[in-house]
Amino acid sequence: MAIFAGNFALDGIKRVEESKNLREVAMLDAVDRQIIEQLQLNGRMTNAELAERVGVAPSTCVARVRSLVARGIITGFTATVDPAVMGMTLQVLVSVTIRSGARQRISEFSEELRALPEVLQLFFLGGVEDFIIHLAARDSDHVRDFVMEHLSAHPAVSSTRTSIVFSHHQNPVA
């Protein structure tokens with residue numbers, strides 16, 4: 001059992017306290033970081049190509065990737081789809097404030113939103129707004145219908161504020 005002094009355990013592993021558990025901060029060497037960087041650029045490259053780019057043997061590379069997955073550092077491999085190509089040409093951010101008497105419904109509200117296909121991302125916040133919802137929609141009528149049907153008509157929602165996204169860029173995590 002480790003003894004904690006601040007965020008550092010006496011066993012030398014840094015831990016970050018979260019609301020309900022302690023998570024270890026991953027210790028990554030330069031090879032692990034290069035593997036992550038390359039896979040974020042192209043998660044479909046072959047192990048041989050990845051090993052060549054990182055400068056390790058293919059057997060070492062596959063073992064490192066498996067370790068990163070097993071340790072929960074790499075949490076999955078996904079295809080990124082452009083919403084505009086799928087007919088969802090408008091992206092918006094909707095800020096939502098929950099009624100003070102409806103705080104007990106936050107988890108239920110969050111689950112309802114996550115199930116909707118228009119919702120790209122959902123952020124639960126501390127501050128003036130309780131949620132920011134990143135939506136993809138066909139057009140402004142679609143946004144209006146979404147807000148009216150799923151937000152304004154919801155008994156837990158006090159207010160909403162919608163902002164149009166003109167441009168969007170996402171940086172890799174590592």
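Data table
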| item | result |
| --- | --- |
| Residue (of Ala84, Phe109, Leu125) at the positive-pole extreme of the range 56-170, dipole from beta-carbon charges | Leu125 |
| Positive-end extreme of charge dipole, the chain - chosen from Ala156, Val143, Pro58 (charges on Cβ) | Pro58 |
| Trypsin sites (Lys or Arg not before Pro) restricted to DSSP loop in the range 27-107 with at most 11 other C-beta within 10 Å | Arg44 |
| Lys/Arg +1, Asp/Glu -1 at C-beta; the chain dipole; positive extreme among Ala48, Gln170, Ser100 | Ala48 |
| Assigned charges on the beta-carbon of Lys, Arg, Asp, Glu; the chain dipole about Cα centre (debye) | 360 debye |
| Which labelled figure in [x] 56, 46, 23; [y] 102, 27, 21; [z] 48, 43, 22 is Cα extents along the principal axes in Å, once derived from the coordinates | [x] |
| Cβ-defined net charge surrounding Pro58, 11 Å radius [Lys, Arg +1; Asp, Glu -1] | -1 |
| Overall form of the range 119-174 per C-alpha gyration tensor (a/c, 1.5; a/b vs b/c) | oblate |
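All of the numbers you see were taken from the coordinates with simple rules; none came from a lab. Since the model is a prediction, treat every value here as computed from it, not as a measurement. We place every Cβ from the backbone using ideal geometry, glycine too, and count neighbours over all the protein chains shown.
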